[in-house]
Each structure stands twice: as C-alpha cells, then as structure tokens.
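Reading through the structure tokens given below for one structure.
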C-alpha cells in the first residue's frame, strides 16, 4: 500500500463526505432530540421512557431520525476529532507536499483548522471553572441517571482541549491554547474524586454517581499532563499521577482493564483499552515520569494480542467479536501512533485497514456504526463513526509519513 494512492483516497472520500455535511450529523444517542418525542410532555418526564427512546434509536438498524424530526447538529467531541485530524493532515502535507493535491494546500488547511477551532470554542458548556464540553443531547443512562444536554464530560473535554492545543501548535494562535489550558480548572475543580487503589479516580462529569470508569479518569490525567507541559504547574502533574496510580493498580496481571469498578462494568473491550494506553503514554511523555512504563507495555501486549484476528478482523471484547464497532479498528491506528508501535505492527494495521474499508465504509464515503451477527447498523453517525475515523485515518497516514523519513 502506497502513501499517495489507496490510503489517501480512502481518507479523501470520507473528508469530502463530512465537508459536504458541514460536519453536522446524527449520533447513536440523540434519540431524545426528537421533536416528536418532545410533543409528549408526559413521556419526557419518565426515565424509563427516555431510556427506551435512546436505546430504541441506537439499536434500530433503520434510521428513524428523519421521521421523528431529529435534527442534524454539531457535536463538540466530533468537532474536536475533526480539528485534530485536520492538524494531522497539515503535518502530513508539510512532510509530503505532493499530497496537497488530495488534502489541500497548507493555506487551505490552516483556514479549515482556524474555523473548526473557533467553532469548538463557541460550543463550550458554560458555568464551570474552566473550558469544558459536553454532548448536544440529553442522555439517559441505564441506571436511570440523566445527563442533561451539554453537561460537560472529562472525555469530551479531553478530546476538545487537546485538539485546541494542536491547533495552537499549527497556527500559533494563542487564544486556542489559553482556552485549552483553562480546561485544567474544570478537571481540578468541577470533577469529583473517589479514593481508589492508593490514588483516586476522576469522575466522568460534575454530576454525582459517575466516578468508577478507568478510561475517563486516565483521559483526565492526559489532559492535565498536557496542561503541565505548557504551564509547569506541579498541581496538575500531582493530580494526574494520582489518577494514573489508581488505574495502574487496577490493571490485571495479564495487562487488561475492566471498564469500571461496578460489577456491571466488568467487561474488557477494545477501544477503551486504547483510551487507557493513550492516557498513560501522554502522562509519561508530558511529565517525564516513566515509573508506569511497564503498565503501558503490558497493556499494549494484551491489546494487540486479544482484539484483532490474524486476517485483520477487529473484535469488540477480548473474548467476543460482535458487535464490531467502528471504534475498534479506528482506535488501533491512534494507539499504534501514540505508543510509537506503528512500524513493528504495520502489517497488522494494513490488514485491519483493508478489512475496515471492505466491510464498514459506504460507497458514499462515510463509515458504518456497527456490524452484528444479524442485521447490522449501517447508519452514518457524524461523531461516533465519521469524525472518529477521520481522526484515526489521519494518524494512520501520519504514521506512514514517519516511516518514510
């Protein structure tokens, strides 16, 4: 596979599709945005009804959103993923100027980066200690716990803030960096902490009762580590380390992590394992603390040996293939790049990419949500599928560029 041919055409096809949609779209969890649902106030008050609506829209292989009047909207995390992807493409074009034909000139890419960064800043959730971002829909959890629309989460905030930092590196626009750095105040002051394994876990959001998820806490560590890199604030490093300690002590002997501390969160899955590794390598590289490097190596060895078949088929769980979510192949390209493992795993990455293009990319350019044993969901979701794969493929191409150096 050559850098200038198949790989770039795959990403270009997706890029043109997303630009044609102006980066707006539907989401697996946006069922409560239905104007039809809002026409029945009694249904809105029922947690069970809200859960049924969200799960019904999410699980149905037929897209009901048009008939239920669910509008296509911006999603902040999706915009953050697009922003990071365009920054990666700018770096690619700087390294390989011949790719301007496919992806645009540096000037064109800079313009797009600036527009996306400003859009992302405008999508902030208001009323918190620092910059933060949430989702553009109400989300009803299975434990009958409601996340109101735009409630900020540490996951979305990490993706948005670190993308703004990269936009600063590319453009030199200090406003992008200042907004991103203020996100540390959100993590330090608005998130809860629960003591765990000699450290603590950051909560998923400022709301109560969502402080048991390892990948969310490590993404909080990642964000604080990047903020420490720019500011030298030791409080950020100390807090990030406490979260790293808790999550590393929760790692199993074989290198795996369960999703969270509750018994109902005891599954081990592909892309959240990748999130954990991303958080740990960010902490190590941005702070210089290599005390947890063995945990990274053990985690990666489990990840690469349990979540991908020999022919490149990705698996959702370590012991079960389906449903094959688009995040499963996409996260591989990001993880290999972030952990500097691409060169030694390039053959596997290429197999996974070829499998994904064959089985999960539509002829229109967008990517499917999930493949199942039965009827699969081939709906185009802007944040979950397309923004995620745009970002992932930009890392794949960036890794290929580095192998040429």
Residues satisfying the stated conditions in region 306-320, i.e. within 20 Å of residue 250 (Cβ to Cβ) and either out of contact with any strand residue (DSSP E or B) (no Cβ under 9 Å at 6 or more places or on another chain) or surrounded by fewer than 18 Cβ atoms within 10 Å (Cβ to Cβ) (or both): 306, 317, 318, 319
Extreme residue, modelled with the lowest pLDDT, among residues of region 8-36 that are surrounded by 19 or more Cβ atoms within 10 Å (Cβ to Cβ) and more than 22 Å from residue 371 (Cβ to Cβ): 8
Subset of region 199-233, residues within 16 Å of residue 184 (Cβ to Cβ) and outside any helix (DSSP H, G or I), comes to 202, 203, 206, 232, 233
Suppose the filter is touching a strand residue (DSSP E or B) at 6+ places or on another chain (Cβ under 7 Å), surrounded by fewer than 23 Cβ atoms within 10 Å (Cβ to Cβ) and either within 25 Å of residue 374 (Cα to Cα) or without any contact (Cβ under 8 Å) to a residue 40 or more places away in the chain (or both); does residue 259 pass it? no
Give the residues of region 362-391 that are over 20 Å from residue 72 (Cβ atoms) and touching a helix residue (DSSP H, G or I) at 6+ places or on another chain (Cβ under 7 Å), sorted by residue number. 371
Which of the residues that make up region 277-307 are over 17 Å from residue 257 (Cα atoms), touching a residue at least 24 places away in the same chain (Cβ under 8 Å) and in contact with a helix residue (DSSP H, G or I) (Cβ under 6 Å, 6 or more places away or on another chain)? 282, 283, 286, 287
Quick one: which of 109, 89, 116 is in contact (Cβ under 8 Å) with a residue 60 or more places away in the chain, under 19 Å from residue 13 (Cα atoms), out of contact with any strand residue (DSSP E or B) (no Cβ under 6 Å at 6 or more places or on another chain) and buried (at least 18 other Cβ atoms within 10 Å of the Cβ)? 89
Log entry, pairs with first residue in region 134-155 being on the phi > 0 side of the Ramachandran plot and modelled with pLDDT under 95, second being surrounded by 22 or more Cβ atoms within 10 Å (Cβ to Cβ) and in a loop (DSSP other than H, G, I, E, B), beta carbons closer than 8 Å, six or more apart or on different chains, reads none
In region 40-51, is there at least one residue being more than 30 Å from residue 176 (Cα to Cα), touching a helix residue (DSSP H, G or I) at 6+ places or on another chain (Cβ under 6 Å), assigned to a loop (DSSP other than H, G, I, E, B) and free of Cβ contacts under 8 Å to residues at least 40 places away in the same chain? no
For helices (runs of 4 or more DSSP H) lying entirely in region 237-354, having 3 or more residues that are farther than 27 Å from residue 401 by Cβ and modelled with pLDDT of 95 or more picks out 293-306
Of 360, 389, the only residue that is crowded, with 22+ Cβ neighbours inside 10 Å, without any contact (Cβ under 8 Å) to a residue 60 or more places away in the chain and under 18 Å from residue 307 (Cβ atoms) is 360
From the set of residues in region 149-176 that are under 20 Å from the mean Cα position of the chain (by Cα) and assigned to a loop (DSSP other than H, G, I, E, B), which is surrounded by the most Cβ atoms within 10 Å (Cβ to Cβ)? 153
Of the candidates 112, 124, 55, the one satisfying the condition of being more than 18 Å from residue 18 (Cα to Cα) and part of a helix (DSSP H, G or I) is 55
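The values are calculated or read from the model by the stated rules, or taken from the named source; none is laboratory data. Only a predicted model underlies this, so the values are computations on that prediction, with no experimental measurement involved. Reconstructed Cβ throughout: ideal geometry from the backbone, glycine too, with neighbour counts over all protein chains shown.
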